There are 2 protein chains.
Amino acid sequence: MEQVVKAIQDDYPDDFAWCYGCGRLNKDGHHFRTGWDGEKTITIYTPKPEHIAIPGFVYGGLLASLIDCHGTGSAAIALHHKNGHEIGDEAQPPRFVTGSLNVSFQKPTPHGVPLKAIGTVHEIHPKKWKVEAEVYANDVLVATGEVIAVLAPKTFTEKQ
Amino acid sequence: MEQVVKAIQDDYPDDFAWCYGCGRLNKDGHHFRTGWDGEKTITIYTPKPEHIAIPGFVYGGLLASLIDCHGTGSAAIALHHKNGHEIGDEAQPPRFVTGSLNVSFQKPTPHGVPLKAIGTVHEIHPKKWKVEAEVYANDVLVATGEVIAVLAPKTFTEKQ
């Protein structure tokens, strides 16, 4: 199965690696992982058996969650790149939070196959990025979305 | 703690009670329950320990999921009412799917307290309803959202 080899979430500092969607340290979470796919970004995830709307079809809230973390991860990759860094180098990547999240469900999403979220990242402002996302199941477009990702304020990232 | 006594999800037929967000038969799901709150609708949910963005704050994807199911549940309540029925009577309620979901995160959402989603329902068309949602934590508005809910097509609700 296709996998994301280098993911930005692998580089988040431990204190910010607890997100239920994409935190590698949250043992009950989804562990979404986002990397480059050419000039776009990609997150691949296979929903668990319980992630259904009705039997056979994926729960919309899971798609929304995928787009959410794909958005913040994509913005982090893009700003990190702009700052002269790449995933996996020694530098600590920036951490974004979600300002807004829009999802349009295009088709019922079949359960049991990997979902691929593909992102196109636009800089609105150094601290505010827009990520357009397309989610595919079996190469069929099942959902589109947009995330406005905002650089986490220092109060958020500083040690409590 | 305040609770929703009569919830529309309690009346969904068994075949459509498997949703990860609001299906009473999905043992691993959130079990969101939506009822009337005067002329508005309400869903109350206390996030689980793992539903965090960073320690102490609720994961945005969980808020999106809450608004999603609150939206489809609210639309079901409203159309059921328009059809002359109420939650808990013998009639089977209509079942909606999400066409689109928009969420704006207003403030970091504290973890460990019940979240209340309050809905205002607007009929666009008998088969298409708009639900405006406000989510409160400790009576502070933490997120707003909008769901376009579409009556589930017969192909969706018919026995496979």
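Coordinate-derived values only; no laboratory data. Just so you know, these numbers come straight off a predicted model, no measurement behind them. All Cβ positions, glycine included, derive from the backbone under ideal geometry; neighbour counts span all protein chains shown.
In this calculation the C-beta distance from B:LYS127 to A:ALA91 is compared with R0 = 56 Å, giving a FRET efficiency of 0.60. The trypsin sites (Lys or Arg not before Pro) of the stretch A:51-160 that meet both conditions, a loop assignment by DSSP and at most 10 other Cβ atoms within 10 Å of the site Cβ, are A:LYS159. Our compactness index for the stretch B:8-151, the C-alpha radius of gyration over the empirical 2.2 N^0.38 Å, is 0.99. Computed over chain B, the per-residue total of -39500 (n - 2.57) for DSSP H runs of n ≥ 4 gives a 222 nm mean residue ellipticity of -5500 deg cm²/dmol, rounded to 500. Scoring A:83-92, B:61-70, A:134-143 by mean Cβ neighbours within 10 Å over their residues and listing the highest first yields B:61-70, A:134-143, A:83-92. With 27 Å as the limit on Cα-Cα distance, the pairs of B:LYS48/B:LYS127; A:LYS130/B:LYS48; B:LYS130/B:LYS154 that go past it are B:LYS48/B:LYS127; A:LYS130/B:LYS48. Computed 3J(HN,Hα) for the stretch A:28-35, one whole-Hz value per residue from the Karplus formula 6.51 cos²θ - 1.76 cosθ + 1.60 where θ = phi - 60°, is 9, x, 7, 6, 4, 10, 10, x, glycine and proline marked x. Under 5 Å between amide hydrogens, built in the peptide plane, is the criterion, and for A:ILE52 it picks out A:TYR59, B:TYR20 among residues at least 5 positions away or on other chains.
Couplings 3J(HN,Hα) of the stretch B:62-75, computed from phi: 6, 5, 4, 5, 4, 5, 4, 5, 4, x, 5, x, 5, 5 Hz, in residue order, whole Hz [Karplus 6.51 cos²θ - 1.76 cosθ + 1.60, θ = phi - 60°; x for Gly and Pro]. Using the Cβ-Cβ distance between A:ASN138 and A:GLU39 with R0 set to 25 Å, the FRET efficiency works out to roughly 0.60.
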